[in-house]
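In what follows, a single structure is set out as structure tokens and then discussed.
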Amino acid sequence: MQMKFAASALLALSVIPLSASADGEVNIYSYRQAFLLEPLLNAFTEETGVETNVVFAKNGLSERLEREGDNSPADLVMTVDISRLSELVEKDLTASVSNPTLEENIPENLRHPEGKWFALTTRGRMIYTSVDRVDEGEITTYEQLADDKWNDRICTRSGKHPYNIALISSMIAHHGEEETEKWLQGVKDNLARKPQGGDRDQIKAIAEGVCDIAIGNSYYYGAMLEDENQRPAAEKARMVFPNSDGRGTHINISGVALTKSAPNRENAIKLMEFLSEQKAQHIYAEANTEYPANPAVEASGMVASWGDLNPDSLSLQEIADNRNTAVRMVDRVDYDN
Amino acid sequence: MNQAVDTNEYQTHQPLLAGHTSRRWLFSAFATTFIVALPVFAVFYLALFPEENIWPHLIDTTLPRYLDNTIRLMLGVAFLTLFLGVSTAWAVTVCEFPGRRFFEWALLLPFAVPAYVIAYVYTDLLDYAGPVQIALRDWFGWTSARDYWFPQIRSLGGATVMIGLVLYPYVYLLSRAAFLEQSPSLFAVSRSLGHSALSTFFRVVLPIARPAIAVGLSLVLMETLNDFGTVDFFAVQTLTAGLFDTWMNLGNLGGAAQIATVMLSFVLILVTLERYSRRRQKQFSARDNRQPVHRFRLTPARKALCITVCAVPVVFGFVIPGLVLGYYAVEYFEQSWNTEFFSNALNSLLLSATAAMTTLVIGLTLAYSRRLHDTPGMRVLMRLSSLGYAMPGAVLAVGVIVPMASFDNWLDGLMEHWFGLDTGLLLSGTTFALVFAYTVRFLAVSAGSIESALQKVTPSMDMAARSLGQGPAGTLIHVHLPILRGTLLTAALVVFVDCMKELPATLILRPFNFDTLATYVYQFASDEMLSRSALPALIIVLAGIVPIILMSRSIGQSRSFN
């Protein structure tokens, strides 16, 4: 009886069909939440008739892809930072794409030299200062975060978070390991509390008076301004574009890569093209307050109102290459405690 | 479900119990254990190939802290769950006070709340912008966080309380069943020999219930050790946090598998020590527990104490989180309500029910095979089959992928070669993979409880049945299943609720466009949007309540059956 029930339940579940339409489909492994992709993918299906299927997880997807090998159903992998993309390249799981549309839409520094990944959006790692307790222009660079002046006044999330690791990696690229470690120690000594929470929590901490300076990605600030409940907290913080007058603000990307084994290669490339073009880039900019990777597309009104982003031109690959060094450095200075 | 003992004397009955047909049982036990242990062995295998040796760096930097935090978290959770679980189980079993019948099942309710959900809820409630601190600031005229001290919820202490609040029901469940099965006359004898009620509790009741409590506690500790959601959210650096750091940030899966292996050894050592420490104990089920339990009549002050002790975990573990989720669910109803819920809820229910049945059948097979062949080898098999519970879900998921994808690819190659057929991935990325992962993960819960319940059935039952012409299968069906009814139901329901809450393995292994309630909640919660995830989170909790009430009834009834 029990066995029968179990067997029939299992059968019922296993045969739920992936509704493949006549126009075909694209299968996506995504490190980005499916609900954030939904508007983009719906627009794509509407335009082309190609269905999209998504699995979202924060980890384990590259292992799944690797083990599934040539038979993997996945066509595309979408990520929210450079390190996952470079990991895929290192494991040799991505295919080179040479495509005129993509090459025209995505600037050279925002894609892999052999087309093994393409950025779709960029986001700046910003400094936020208290409107009440810090003067405008008092801090303008990442380097200044280590000044004694900010002792007990800085809040960040865990140093181990990929966004902070990428920032530290970029510092290593610019200043070398030794110098960066001194800097990181300085920032750690200035922390007002043990690193915790997400980027939004750091901005909230400014409003709460726990700290005067915070670090966070640009779109979180945008999302807070758009949320009625969080807007008052966001308005207590001012956004600073770090190193704007120098080498530029450190940016990270969200991106896409074609898998080596992609069974729906043609449709997958169609989707990549779609994501790089006007319409999708506009959705990204408006819905998620990110910076479009396609320079022909303007940032949303709100994002533009924050000022002009002068991005650091450092190659993203170099940032990815320094990841390991950065992680160990965070452990050595005991940043998270 | 309690009083697991090493009953070596079965071996003396071996010729009667074992026999020709029971080789089949032995074989099926071997085969199932092999399959179920594959993912764990896959993790051991991965541990052989680290990207680089992580240990020198870990030992120089963070390992001492990881260990320190892990041990303190486990000790804290152990004390909290023991205190909450045993005291409440004792109160509802032997004391008479208003609301006792209600608390009997209400005390199980926090079990339906996933740890990551309760963590989100209390952070929302207790952090600076939450209602508690706002009210305090209003009363005292404080204006910023620097004006006053407030306990930091995102801390080791916070994580201990959160995890303890949702896991104590394991201890409660098992110790209550153990107390119920104890013979009231033992208690009476102790009292007549001059011991106070309290002294009797510590000298008689607790030692007899110890095996059951130890089983409950070891489940709690394994869940604690593997928790990532809560400790990550609260920025508490435990070994699990270190494991994920090694995996995700250093890109060293092999190193992460090594840490997982160390953690697993940790669990094994604990379990072995506990068993070793009572190696000389033997217990037999008392015959006279058909007598109704005689409950103490209490003074009003003691009644109040009992009510308080029972109400605290229910209020903090269930009522408050439920109210907060309910508030958000109503407030954000229009944004969060959609028809996907029905399919997500259906997915969760079907998967959890299937996995519960599967673990039950496999658990029964293993436990009964051990009864037929109680050899050291069989005992090792039982332990092996339970290892999946001692690993973080995400690591286990990779352990599932490795053999399953290899099998799929092997089969595909074979079919291609012989028949020109392209079978693709037959099992990977299907709901079968999920059911398999759940089974591997939660088999320990069902196999363990069935095993200890079976041990309490006297071998003369089997002998009688066998001499009346029943084979091993007939004996199982006609004799043991009716006796084990309560245990089986409880085991199935615990696994069911655990599966409803399971998140990390589900995320990694699920098919395309497939959500359970838990993954749906996670999507929003991971983007710092508790408000929109409140409604589905509430549904997980509500879906867990029905089995919990059933479970409580089955325990109550099991008393009248025995």
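A short reminder: the numbers here are calculations on the coordinates, not readings from a lab. Just so you know, these numbers come straight off a predicted model, no measurement behind them. Don't worry about glycine lacking a Cβ; one is built from the backbone with ideal geometry, like all the others, and counts go over all protein chains shown.
Listed values, structure above:
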read-out: Segment B:468-481 - phi-based ³J(HN,Hα) in whole Hz, Karplus 6.51/-1.76/1.60, Gly and Pro as x; value: 8, x, 7, x, x, 5, x, 4, 4, 6, 8, 10, 6, 4
read-out: Nonlocal amide H pairs with A:MET126, under 5 Å, H built at 1.01 Å; value: A:GLY216, A:ASN217, A:SER218
read-out: Normalised contact order of segment A:122-228, rounded percent, pairs of Cα under 8 Å and 6 or more residues apart; value: 44
read-out: Test item: B:343-356 mean partner chain Cβ contacts at 10 Å; value: 2
read-out: Given A:LYS188/A:LYS279; A:LYS160/B:LYS501; A:LYS58/A:LYS204; A:LYS188/B:LYS501, the pairs whose alpha carbons are separated by over 32 Å; value: A:LYS188/A:LYS279; A:LYS188/B:LYS501
read-out: Hz values of 3J(HN,Hα) by residue in segment B:160-177 - Karplus curve (6.51, -1.76, 1.60), Gly and Pro given as x; value: 4, 5, 4, 5, x, 5, 9, 9, 4, x, 4, 5, 4, 4, 6, 6, 5, 4
read-out: Under the Karplus curve 6.51 cos²θ - 1.76 cosθ + 1.60, θ = phi - 60°, whole-Hz ³J(HN,Hα) for segment B:106-111, x wherever Gly or Pro sits; value: 5, 5, 8, 4, x, 4
read-out: Distance from segment B:85-148 to segment B:209-278 (C-alpha centre basis), Å; value: 26
read-out: Highest-fluctuation residue, A:LYS270, A:LYS58, A:LYS236 considered, GNM on chain A with Cα pairs under 10 Å; value: A:LYS58
read-out: Long-range amide H partners of A:THR259 with built H, under 5 Å; value: A:LEU76, A:VAL77, A:ALA95
read-out: 0 to 90° range, to nearest 10: angle between helix A:177-190 axis and chain A longest Cα axis; value: 70
read-out: Mean Cβ neighbour count within 10 Å, used as a protection proxy, ranking B:359-367, A:135-143 highest first; value: B:359-367, A:135-143
read-out: Within segment A:125-212: Cβ-based charge dipole about Cα centre, in debye rounded to nearest 20 (Lys, Arg +1; Asp, Glu -1); value: 500
read-out: Of all DSSP beta bridges in chain A, antiparallel share, percent nearest 5; value: 65
read-out: Protection proxy ranking, peptides A:46-52, B:137-143, average beta carbon neighbours within 10 Å, highest first; value: A:46-52, B:137-143
read-out: Nearest-20 debye value, the protein assembly as shown charge dipole, Cβ charges on Lys, Arg, Asp, Glu; value: 6380
read-out: Cα-centre dipole for chain B with unit charges at Cβ (Lys and Arg positive, Asp and Glu negative), debye to 20; value: 3020
read-out: FRET efficiency estimate (nearest 0.05) - Cβ-Cβ, A:THR48 to B:PHE41, R0 41 angstrom; value: 0.35
read-out: The protein assembly as shown: C-alpha pair distances exceeding 56 Å, %; value: 14
read-out: Sequence-separation-based contact order of chain B, relative, with Cα cut under 8 Å and 6+ spacing, percent; value: 27
read-out: Average other protein chain Cβ within 10 Å of Cβ, residues B:242-249; value: 5
read-out: Charge-dipole axis of the protein assembly as shown as Lys and Arg at +1 and Asp and Glu at -1 on Cβ define it, positive-most pick from B:ALA235, A:TRP183, B:VAL204; value: B:VAL204
read-out: Angle in degrees between helix A:265-276 and the longest Cα principal axis of chain A, rounded to the nearest 10; value: 30
read-out: Solvent-free Debye scattering, log10 I(q)/I(0), computed from the Cα coordinates of segment B:335-472 at q = 0.14, 0.20, 0.22 Å⁻¹; value: -0.84, -1.15, -1.24
read-out: Peptide-level mean, for A:66-75, of C-beta atoms on other protein chains within 10 Å; value: 6
read-out: Computed over segment A:178-337, Cα set: Rg, Dmax in Å; value: 18.5, 53
read-out: Contact order normalised by residue count of chain A, Cα under 8 Å, 6+ apart, percent; value: 27
read-out: In degrees, nearest ten, helix A:34-48 long axis to first principal axis of chain A (Cα); value: 50
